[in-house]
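Heads up: the structure comes next, in structure tokens.
The values are calculated or read from the model by the stated rules, or taken from the named source; none is laboratory data. Note that the structure is predicted; figures quoted are calculated from it, not measured. Positions of Cβ are generated from backbone atoms using ideal geometry, with glycine treated the same way; all protein chains shown enter the neighbour counts.
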Amino acid sequence: MNNNKPLWQQPWQYKESFLIMTAILIGAGVCDIWGNTAVPPIFFPYNITIGIIALLCSMGIVLLQKKYAIFRWLLSVPASISAIAGFVGISAIMALTPQNPQATALHFPYNITSSWTYAITIGYFLIILGAISLKRLYPFSARNIGFALNHWGLYCIIFAASLGAGDVQKLNMTLDTGKTIWYGTKNQQTYELPFAIRLNEFGIDEYPAKFAFVHTQTGTVLSENGRNAIFDCDTSVIFQYKEWQVQIQDFLQSSAPVNNRFMAMHDFGSTQSARITIKNTLQDTAFDAWMASASILYPPLHVKINDSLTFIMMQPEPKRFYSSIRVYKNNGHKYDTIIEVNKPITIDSWKIYQTSYDETKGKWSSISILEVINDPWLIYVFIGFYMVIAGSAYLIWNGKKQSKTNMKKNSHVETF
Amino acid sequence: MWKHFEIYALASLILWVLSALLCFSKNKTAALIRDISMVAGSLSIFVFIAQLWNYMERPPLRTLGETRLWYSAFISAIGFIVYKRWNYRLFLLFSIMMSVVFLLINYLKPEIHSKTLMPALQSIWFVPHVIVYIISYSFLGFSCLIGILGYAYSKGKIRATNIHFMPLADNITYIGYGFLTLGLVFGALWAKEAWGHYWTWDPKETWAFITWGVYLAYIHVRYHSHKKDDFNYAYLALAFVVLLICWFGINYLPAAQNSVHVYSN
């Protein structure tokens, strides 16, 4: 590399590349802070138009590279690195400042993704990426497959994710048990959907509660030999803490208190309960007791052993949140299904997720909150993802391509 | 079913320790036994997973103990493949070590087999996401070490006879970066299924992207080998600091406290 050439004389290298990138960032940043207007949401057909223009810019750079030194520079490694650095830089600002999408104060830096600096940085990055990806397409060679997968894959992802963001529809559906809803809401506005949903039932399946020995006064979990005295529900195991042994005789997943004990019951407010035997191995005494975890109707029932030791039943952890629903489609077709966390359902191009519920009522919530998302550009982002996965496998397998001279020099390269 | 785990774990442990010891031998027979031992050890865990899956009639992906089985199985398997491809016995040793650690945790703490995963973590992408990040971080950590040693070597502070730092640094970084990219993408695929969107610029995601970008820049710096070796070594050593911020640092950054990734105790 020629390090002695005067600045701004072509061919531009690292200094010029980074100066230009810094100028872009500072310039755009100042405009953002001064003007403080957000980038308007760009939806169809404006986003695809901008995308095509960006692609045409990339094509122009490649086709005219022989004629203009500045285009040769844009296709160079220093320019690419400065564009990467710009993208990383704006991300760093996002990482170091608290981001608040509801910010009415400065968009830059408190809501970077809606700022012009962000849009310009990504646009610049995308144009360079597109150009260099196009350049290596021709002449086509098998050696370039890895390069193409990685670069075009990334291009698809950034192109579709950035430009498609404006077309993403993200709405909430708040369903009451037994009611049918055909619209979603966002910011108090309602939007009609091409389907309707009736909530048959919302439920939470719970894991059996865990049990623990705690200090009576402070409630902190005790430990012995460095291990916390917390136990999984298992009727075959004896829980031991110092001279105390506890064994579960009966466990009821769903029950309610009746007189001095608990009976299986599945109605509103039911709770998990257990009948236990507590034995003192030193004094060889034992007693039985019922205990229960809290529910919305009943407080928890613990067993106080003495002033410093209490045996408790912890709050059960959720295993599964689900909404049992009936879907009505515009064409009259209807069917029943279940939505769970991590198991969204798809209706046409909409994906429906289980998001929330009435937390004050827990598993007896009569409300289920779903999120419905329509992302028409998603398929292109996913194509990009899979291209990049293939490109990464290529990188892992091939490492860095050695030039012929290096190959000779390093023919006995590390067998580590 | 978990009662049988001890047998399979013991078998894998013995086979892997044998393989690890044979890493130090250059003998051809030793190499063959080393390879067979490694694969057999890995197979043992895969067989146990298959039996557990069959017994429980669901994929064993619901508890921390179950996920650790997959870590042991896949880190050893992928470690073996990468080692065969690149002949990096040190990485084989490292994979064995990591796989044994996960086995030992399960072996020594049987009472937490049923420690349950939150519903959002019960996804087919969770385990691959964690595995490739573990492998990636180990490679990039090693590249940091090479960076430090290489820098000292390029400044004449240490002597090295059989080691060519630069090609080794490049290779290790490329492999680590490949896995890093997989981690990022698998995380996005998981996020789409669990949270509804593949990227939300959550602080952890943002730092993961920054880490990815920093190593991406390194790859481009190395494309024409424009910069001198000492620059490259220093870059690799410092890049790892960014990775550490992504890995641990976000738990302490004030801007990141609302992240879903901040591991709460």
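Which residues, taken from the stretch A:223-264, are in contact with a helix residue (DSSP H, G or I) (Cβ under 9 Å, 6 or more places away or on another chain), surrounded by 17 or more Cβ atoms within 10 Å (Cβ to Cβ) and not in a strand (DSSP E or B)?
Once the filter is applied, which keeps residues that are in contact with a helix residue (DSSP H, G or I) (Cβ under 9 Å, 6 or more places away or on another chain), surrounded by 17 or more Cβ atoms within 10 Å (Cβ to Cβ) and not in a strand (DSSP E or B), the stretch A:223-264 yields only A:Asp232.
When the stretch A:217-245 is examined, which residues are found to be in contact (Cβ under 8 Å) with a residue 12 or more places away in the chain and touching a His at 6+ places or on another chain (Cβ under 9 Å)?
A:Leu222, A:Asp232
Of A:Ile24, A:Ile50, A:Ile42, which residue is closer than 22 Å to A:Gly89 by Cα, touching a helix residue (DSSP H, G or I) at 6+ places or on another chain (Cβ under 7 Å) and surrounded by 13 or more Cβ atoms within 10 Å (Cβ to Cβ)? Walk me through how you get there before you give the answer.
On the way: A:Ile50 fails: closer than 22 Å to A:Gly89 by Cα; A:Ile42 fails: closer than 22 Å to A:Gly89 by Cα.
Unique residue meeting the criteria: A:Ile24.
When the stretch B:210-241 is examined, which residues are found to be among the β-branched types (Val, Ile, Thr) and closer than 15 Å to B:Asn171 by Cα?
Once the filter is applied, which keeps residues that are among the β-branched types (Val, Ile, Thr) and closer than 15 Å to B:Asn171 by Cα, the stretch B:210-241 yields B:Ile219, B:Val221.
Pick from the stretch A:164-212 the residues that are crowded, with 17+ Cβ neighbours inside 10 Å and charged (D, E, K, R): which of them is modelled with the lowest pLDDT?
A:Glu206
Could you please find all residues in the stretch B:229-251 being free of Cβ contacts under 8 Å to residues at least 12 places away in the same chain and touching a Ser or Thr at 6+ places or on another chain (Cβ under 8 Å)?
none
Can you go through B:Val214, B:Val221 and tell me which one is facing chain A (nearest Cβ under 9 Å) and in contact (Cβ under 8 Å) with a residue 24 or more places away in the chain?
Numbers: B:Val221 fails: in contact (Cβ under 8 Å) with a residue 24 or more places away in the chain.
The match here is B:Val214.
For the stretch A:358-380, indicate whether the set of residues that are within 24 Å of B:Leu61 (Cα to Cα), modelled with pLDDT of 90 or more and more than 8 Å from chain B (Cβ to nearest Cβ) is non-empty.
So far as the stretch A:358-380 goes, no, none of its residues is within 24 Å of B:Leu61 (Cα to Cα), modelled with pLDDT of 90 or more and more than 8 Å from chain B (Cβ to nearest Cβ).
Does at least one position in the stretch B:232-251 carry a residue that is buried (at least 19 other Cβ atoms within 10 Å of the Cβ), touching a His at 6+ places or on another chain (Cβ under 8 Å) and not in a helix (DSSP H, G or I)?
Looking for residues that are buried (at least 19 other Cβ atoms within 10 Å of the Cβ), touching a His at 6+ places or on another chain (Cβ under 8 Å) and not in a helix (DSSP H, G or I), one finds none in the stretch B:232-251, hence no.
Residue-wise test of (1) within 28 Å of B:Val242 (Cβ to Cβ); (2) modelled with pLDDT of 90 or more; (3) part of a loop (DSSP other than H, G, I, E, B); (4) aromatic (Phe, Trp, Tyr).
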{"position": "A:Ile20", "(1), (2), (3), (4)": "yes, yes, no, no"}
{"position": "A:Phe43", "(1), (2), (3), (4)": "no, no, yes, yes"}
{"position": "A:Ile50", "(1), (2), (3), (4)": "no, yes, no, no"}
{"position": "A:Phe71", "(1), (2), (3), (4)": "no, yes, no, yes"}
{"position": "A:Ala85", "(1), (2), (3), (4)": "yes, yes, no, no"}
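Within the stretch B:44-57, is there a residue that is acidic (Asp, Glu) and buried (at least 21 other Cβ atoms within 10 Å of the Cβ)? Talk me through it step by step, then tell me what you get.
Going residue by residue through the stretch B:44-57, those that are acidic (Asp, Glu) are B:57.
If we keep only those that are buried (at least 21 other Cβ atoms within 10 Å of the Cβ) too, we end up with none.
No, that holds for no residue.
Mind checking which residues of the stretch A:308-336 are modelled with pLDDT of 90 or more and either among the acidic types (Asp, Glu) or touching a Cys at 6+ places or on another chain (Cβ under 6 Å) (or both)?
A:Asp336
Please enumerate the residues belonging to the stretch A:72-104 that are more than 8 Å from chain B (Cβ to nearest Cβ) and among the aromatic types (Phe, Trp, Tyr).
A:Trp73
Rundown of residues vs (1) facing another protein chain (nearest Cβ under 10 Å); (2) assigned to a helix (DSSP H, G or I); (3) closer than 27 Å to B:Ser42 by Cβ; (4) of a type outside the set (A, V, I, L, M, F, W, C), yes/no style:
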residue	(1), (2), (3), (4)
B:Phe80	no, yes, yes, no
B:Lys84	no, yes, yes, yes
B:Leu90	yes, yes, yes, no
B:Leu145	no, yes, yes, no
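Scan the stretch A:339-349 residue by residue and report those that are within 11 Å of chain B (Cβ to nearest Cβ) and out of contact with any Gly (no Cβ under 9 Å at 6 or more places or on another chain).
Once the filter is applied, which keeps residues that are within 11 Å of chain B (Cβ to nearest Cβ) and out of contact with any Gly (no Cβ under 9 Å at 6 or more places or on another chain), the stretch A:339-349 yields A:Glu340, A:Val341, A:Asn342, A:Lys343.
Kindly indicate whether any position in the stretch A:124-147 is closer than 23 Å to B:Thr211 by Cα, within 24 Å of the chain's Cα centre (by Cα) and within 14 Å of chain B (Cβ to nearest Cβ).
The answer is no; no qualifying residue exists.
Would you say A:Tyr155 is within 12 Å of chain B (Cβ to nearest Cβ) and either among the β-branched types (Val, Ile, Thr) or under 22 Å from the mean Cα position of the chain (by Cα) (or both)?
Details: within 12 Å of chain B (Cβ to nearest Cβ): no; either among the β-branched types (Val, Ile, Thr) or under 22 Å from the mean Cα position of the chain (by Cα) (or both): yes.
The answer is no for A:Tyr155.
Using the structure shown, decide if B:Ile158 is outside any helix (DSSP H, G or I), within 11 Å of another protein chain (Cβ to nearest Cβ) and either free of Cβ contacts under 8 Å to residues at least 60 places away in the same chain or among the basic types (Lys, Arg) (or both).
Details: outside any helix (DSSP H, G or I): yes; within 11 Å of another protein chain (Cβ to nearest Cβ): no; either free of Cβ contacts under 8 Å to residues at least 60 places away in the same chain or among the basic types (Lys, Arg) (or both): yes.
Taking the combined requirement at face value, the residue does not satisfy it.
Suppose we keep only residues that are in contact (Cβ under 8 Å) with a residue 12 or more places away in the chain and more than 14 Å from every other protein chain (Cβ to nearest Cβ) within the stretch A:316-333. Which one would you say is farthest from A:Leu252 (Cα to Cα)? First the steps, then the outcome.
Filtering the stretch A:316-333 for residues in contact (Cβ under 8 Å) with a residue 12 or more places away in the chain gives A:316-330.
Checking the rest, the ones that are also more than 14 Å from every other protein chain (Cβ to nearest Cβ) come to A:324-330.
Details: A:Ser324: 24, A:Ile325: 28, A:Arg326: 31, A:Val327: 34, A:Tyr328: 38, A:Lys329: 41, A:Asn330: 44 Å.
Only one residue fits best here, namely A:Asn330.
Considering every residue within the stretch A:308-315, establish whether at least one is in contact with a Phe, Trp or Tyr (Cβ under 8 Å, 6 or more places away or on another chain), part of a strand (DSSP E or B) and either within 11 Å of chain B (Cβ to nearest Cβ) or not hydrophobic (A, V, I, L, M, F, W, C) (or both).
As a first pass, look at the stretch A:308-315 and keep what is in contact with a Phe, Trp or Tyr (Cβ under 8 Å, 6 or more places away or on another chain): A:309-314.
Narrowing further to those that are part of a strand (DSSP E or B): A:309-313.
Still in the running and either within 11 Å of chain B (Cβ to nearest Cβ) or not hydrophobic (A, V, I, L, M, F, W, C) (or both): A:310.
The answer is yes; a qualifying residue exists.
Need the failing condition index for A:Val30 against (1) in a helix (DSSP H, G or I); (2) within 29 Å of the chain's Cα centre (by Cα); (3) within 19 Å of A:Thr121 (Cβ to Cβ); (4) not polar (S, T, N, Q), just the number.
Tallying (1) in a helix (DSSP H, G or I); (2) within 29 Å of the chain's Cα centre (by Cα); (3) within 19 Å of A:Thr121 (Cβ to Cβ); (4) not polar (S, T, N, Q), A:Val30 fails exactly one: (2).
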